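Structure first, then comments.
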Amino acid sequence: MVIRSRLFAPWWRWIALVLCMIAMPASAGRSPVDDDLALETRIATIGYRLARGAQARCAVPEKMSGLILHDIGGYAQSDRAAIAKSLGLGDGFGVRAVVANGAAARAGVRAGDEIVAIDGGDLTGFARDAIGAAASFDRTERMVDYLAGALARGPVTIGIRRDGQALSLTLAGDAGCAARFAVAIEDGVNARADGRYIAVTSGLARLASRDDALAFAMAHEMAHILLGHVAARRAARDRVDVRAQELAADRLAVAIMADAGFAPAAAIPLLEAVSRGRIDWLDRDHPATAVRIAALRAVLAGDGSGVQHIGDDETGRRQ
């Protein structure tokens, strides 16, 4: 999903992504084929890997599909006819992209497909009341929730419309920690989690040109969710040791990275780059960057197994 407003507005109101099943509402008048899709796909792919790697660390893993979805209601009414014609998008749910090696990709789903049924249930009339004159994410949000619930019960049969042909594919979700990802189109370098949702700015994605580096920023926010930090800050903001939380999230983040096959050492150059730019991701609530880097260097200097199991005592899982 792409957000075209300030990240620190209540952005979670626009996010309804179920574990890497990311849907894209477009701005009015914007071409549906644009550079944002590549960025969305990158964020979704990194998030998918992190969520799968962290599954042993969450209380109740969910099922992920690896789908990036949209529907005609995500576009302004004045643009819908042109978009429907150019993309062949009807009343179902279009597949903008699939995460490489994810569940949908293995099932044979392709970008450009339109999902029109789940387990024989017609989706062309699904949540039509959510489509208004203005572009809205509501209908795809409902679809994402519906598909997530179906996958939780086991593999589903999805009806696909592809190049005018009807296909039937079996989709079995991958288990992973519940986390929802979105891109905020902003020059600022930042990432935030609100307790379930994780938003990454396009500025941060540009700075973290290596996927391993961006994975650290995303895993850090995921760690805040797994450690219950957001809820703790809301409940007792003035009594929370935020700096201690940040260091704990760093420690768990590199463990999640290792679980997912990313290089934990990539955290160091990212923190150094952010520090050099005096960028807003490291605000006054965070420990000094030198402190964070020293702590991570100590972790990474261990025998390797220490990285894999960092955070076990903090999450109470992965024993």
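The values are calculated or read from the model by the stated rules, or taken from the named source; none is laboratory data. Note that the coordinates shown come from a computational prediction; the quantities given were computed from them, not determined experimentally. Heads up, the Cβs are rebuilt from the backbone with ideal geometry, glycines too, and the neighbour counts pull from every protein chain shown. Quick note on the areas: whole protein, heavy atoms, side chains included, nothing else; ligands and nucleic acids left out. Shrake-Rupley method; radii C 1.70, N 1.55, O 1.52, S 1.80 Å.
Details
- Identity of the residue in the stretch 265-286, small (Gly, Ala, Ser) and out of contact with any Ser or Thr (no Cβ under 8 Å at 6 or more places or on another chain), that ends up modelled with the lowest pLDDT: 277
- Among the residues listed as 186, 141, the single one being out of contact with any Asp or Glu (no Cβ under 7 Å at 6 or more places or on another chain), in a helix (DSSP H, G or I), among the charged types (D, E, K, R) and at pLDDT below 95: 141
- Exactly one residue out of 230, 156, 200 is among the hydrophobic types (A, V, I, L, M, F, W, C) and surrounded by fewer than 20 Cβ atoms within 10 Å (Cβ to Cβ), and it is 230.
- Of all the numbered requirements in (1) open to solvent by 10 Å² or more (accessible area, probe 1.4 Å); (2) outside any helix (DSSP H, G or I); (3) under 25 Å from residue 169 (Cα atoms), residue 68 misses one, and that requirement is (1).
Condition check ((1) under 23 Å from residue 138 (Cβ atoms); (2) assigned to a loop (DSSP other than H, G, I, E, B)) across all residues:
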position: 85; (1), (2): no, no
position: 100; (1), (2): no, yes
position: 105; (1), (2): no, no
position: 110; (1), (2): no, yes
position: 117; (1), (2): yes, no
position: 125; (1), (2): yes, yes
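- Residue pairs whose Cβ atoms lie under 8 Å apart, separated by 6 or more positions or on different chains, with the first residue in the stretch 97-120 and farther than 11 Å from residue 162 by Cβ and the second assigned to a loop (DSSP other than H, G, I, E, B) and open to solvent by 20 Å² or more (accessible area, probe 1.4 Å), are 97/111; 98/110; 98/111; 103/172; 107/172.
- Residue check, residue 292 at pLDDT below 95, out of contact with any Ser or Thr (no Cβ under 6 Å at 6 or more places or on another chain), under 19 Å from residue 226 (Cβ atoms) and not acidic (Asp, Glu): yes
- Hits in the stretch 204-233 - residues which are free of Cβ contacts under 8 Å to residues at least 24 places away in the same chain and either in a helix (DSSP H, G or I) or closer than 16 Å to residue 183 by Cα (or both): 206, 209, 229, 232, 233
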